[in-house]
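Some notes on the structure that comes next.
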Amino acid sequence: MRKLQKLHNFMRKYPIKACLKNNTEVTIHPFEKADKENLLKFFRDLSEDDRLFLKEDVTKEEIIQRWIEELDYEKVFPLIAETKGKIIGNASIHFNKIGWSKHLAELRCVVARDFQKMGLGTLLMRELVLYAQEKGIEKIVAQMMDTQTGAQKAFQRIGFKKEAELTGFVSDLTGKKHNLIIMVNDVSELWKKMEDLLMDYDIKITG
Amino acid sequence: MKTVEIKIGGLGGQGVILAGMIIGKAATIYDNKHATLIQSFGPEARGSACSAQLIISDNKILYPYVTKPDILMVMSQEAFTKFYPEMNENGTLLIEDELVKVNNLKPGIKLYGISATRLAEELGRRLFLNIVMVGFFAAVTNLVSADAFRKAVADSVPKGTESMNLQAFEKGYAYGQKLIAETAKVT
């Protein structure tokens, strides 16, 4: 019950407004049915290079329609970032409600080329990590291809570490094989680190 | 700003030293002031008395030890009993009011209390107690800008926990601001 209340409190904060490094004002809120056309346009406007590495062909209307029909924030929590009525970023966290990996969640994030390296991806991903923490998730996983070095750095910035590299495991939309990089953010470990930091015997001064 | 002597006291495991470090960082790195920090702790990681002594000033600090705290922030009864007699008679006393009961408050001392443990628990983790206290300290003392504190908090906690810690800071800060506004109305 307390957990539900906490999640309810978490959702109440949306929409939130933020300012990117280039002073663009963005609004961040959970994806809703009404965002369908806008989201479809966002994916269709992505450069081919960016779309190459997406798990699904999100330019297809039926894919977005399926997302809408299956919309359940307890299973998938998607956030979108908008500026002037246009979507410029989409990130989502996927939970396993049953089975042996229910302590895990998977994080995905896409930002429009013109708004990359401006802190938007970090902002969206931080929000979702926070949501996962509220839900008691222990580890958050992110998957990407070996050539997505920018994405790997972005995930590293918010505490993800490379856990595995599987050779020739995935193919991009052109069919070319790539190594799959699995990065993990051990959220339970984070809180252990926080507890260690509170141990008042000595402190490592950083920065 | 004149030189301000600060003492933070509590028990090991409450994050007393980290609170002191954040205040010092906010003042020096993010607000261009001078600060010194001296930490004192028992042999155990948890449960033993510990304290942080801070001096903040616009000028260079020539002597780093706190002799008569202008501000005392305490998170345990033991720390209150030990450090309260040393306080400046016109100083400011900040307490975690569910952990500390004040007796014989001297007339010149301004007392501000916050149930920081409860506010931290509302965020789901008791370990935010010290960050809630830092937010409360920021609002009540107004020695260093809130933005400098926010940067220092984000910079001092483990990667990935920044948002939650900043929420804890904001809880303490908002409570402190409200308390100051109410006090101003009364006086």
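Any residue at all in segment B:37-60 that is out of contact with any strand residue (DSSP E or B) (no Cβ under 9 Å at 6 or more places or on another chain), open to solvent by 10 Å² or more (accessible area, probe 1.4 Å) and away from every other protein chain (no Cβ under 11 Å)? The answer is no; no qualifying residue exists.
Listed conditions (1) away from chain B (no Cβ under 14 Å); (2) open to solvent by less than 30 Å² (accessible area, probe 1.4 Å); (3) not in a strand (DSSP E or B) are all met by A:Met144, apart from (3).
Number of residues in segment A:36-82 that are basic (Lys, Arg) and not in a helix (DSSP H, G or I): the value is 3. Of the residues examined, B:Glu78 is one that is open to solvent by 40 Å² or more (accessible area, probe 1.4 Å), more than 11 Å from chain A (Cβ to nearest Cβ) and either charged (D, E, K, R) or closer than 17 Å to B:Tyr112 by Cα (or both). Considering only residues in segment A:177-193 that are at pLDDT 90 or above and over 20 Å from the mean Cα position of the chain (by Cα), the one that is least open to solvent (accessible area, probe 1.4 Å) turns out to be A:His178.
The residue that is surrounded by the most Cβ atoms within 10 Å (Cβ to Cβ), counting only those in segment A:194-207 that are modelled with pLDDT of 80 or more and closer than 16 Å to B:Gly20 by Cβ, is A:Leu198. Among the conditions (1) in contact with a Gly (Cβ under 9 Å, 6 or more places away or on another chain); (2) surrounded by fewer than 19 Cβ atoms within 10 Å (Cβ to Cβ); (3) within 13 Å of chain B (Cβ to nearest Cβ), A:Val129 misses just one, which is (2). Filtering segment B:140-187 to residues that are touching a residue at least 60 places away in the same chain (Cβ under 8 Å) and basic (Lys, Arg) leaves only B:Lys151. Of the residues that make up segment A:132-142, is at least one of a type in the set (Lys, Arg) and in contact (Cβ under 8 Å) with a residue 24 or more places away in the chain? Yes, there is a match, as at least one residue in segment A:132-142 is of a type in the set (Lys, Arg) and in contact (Cβ under 8 Å) with a residue 24 or more places away in the chain.
Scanning for something out of contact with any His (no Cβ under 8 Å at 6 or more places or on another chain), more than 17 Å from A:His29 (Cα to Cα) and open to solvent by less than 50 Å² (accessible area, probe 1.4 Å), does segment A:69-92 turn up at least one residue? Checking segment A:69-92: not a single residue is out of contact with any His (no Cβ under 8 Å at 6 or more places or on another chain), more than 17 Å from A:His29 (Cα to Cα) and open to solvent by less than 50 Å² (accessible area, probe 1.4 Å). Scanning segment B:88-118 for residues that are open to solvent by less than 10 Å² (accessible area, probe 1.4 Å) and touching a Pro at 6+ places or on another chain (Cβ under 8 Å) yields one hit, B:Gly91. If a residue must be under 24 Å from A:Thr24 (Cβ atoms) and open to solvent by less than 60 Å² (accessible area, probe 1.4 Å), how many such residues does segment A:94-122 contain? Residues meeting the conditions: 11. Taking segment B:107-187 as the region of interest, the helices (runs of 4 or more DSSP H) fully inside it that hold 3 or more residues being away from every other protein chain (no Cβ under 14 Å) and within 23 Å of B:Gly91 (Cβ to Cβ) are B:129-141, B:162-186.
Residues checked against (1) in a loop (DSSP other than H, G, I, E, B); (2) without any contact (Cβ under 8 Å) to a residue 60 or more places away in the chain; (3) over 11 Å from the mean Cα position of the chain (by Cα):
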site	(1), (2), (3)
B:Tyr63	yes, yes, yes
B:Thr81	no, yes, yes
B:Pro85	no, yes, yes
B:Asn88	yes, no, yes
B:Leu94	no, yes, no
B:Lys101	yes, yes, yes
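When A:Ala151 is tested against the conditions (1) in contact with a strand residue (DSSP E or B) (Cβ under 7 Å, 6 or more places away or on another chain); (2) within 14 Å of another protein chain (Cβ to nearest Cβ); (3) modelled with pLDDT of 85 or more, the lone failure is (2).
The values are calculated or read from the model by the stated rules, or taken from the named source; none is laboratory data. Small disclaimer: the values here were computed from a predicted structure and weren't measured. Ideal geometry is used to build each Cβ from the backbone, glycine not excepted, and the neighbour counts take in all protein chains shown. Keep in mind that these areas ignore ligands, DNA and RNA; they rest on the heavy atoms of the full protein, side chains included. Shrake-Rupley method; radii C 1.70, N 1.55, O 1.52, S 1.80 Å.
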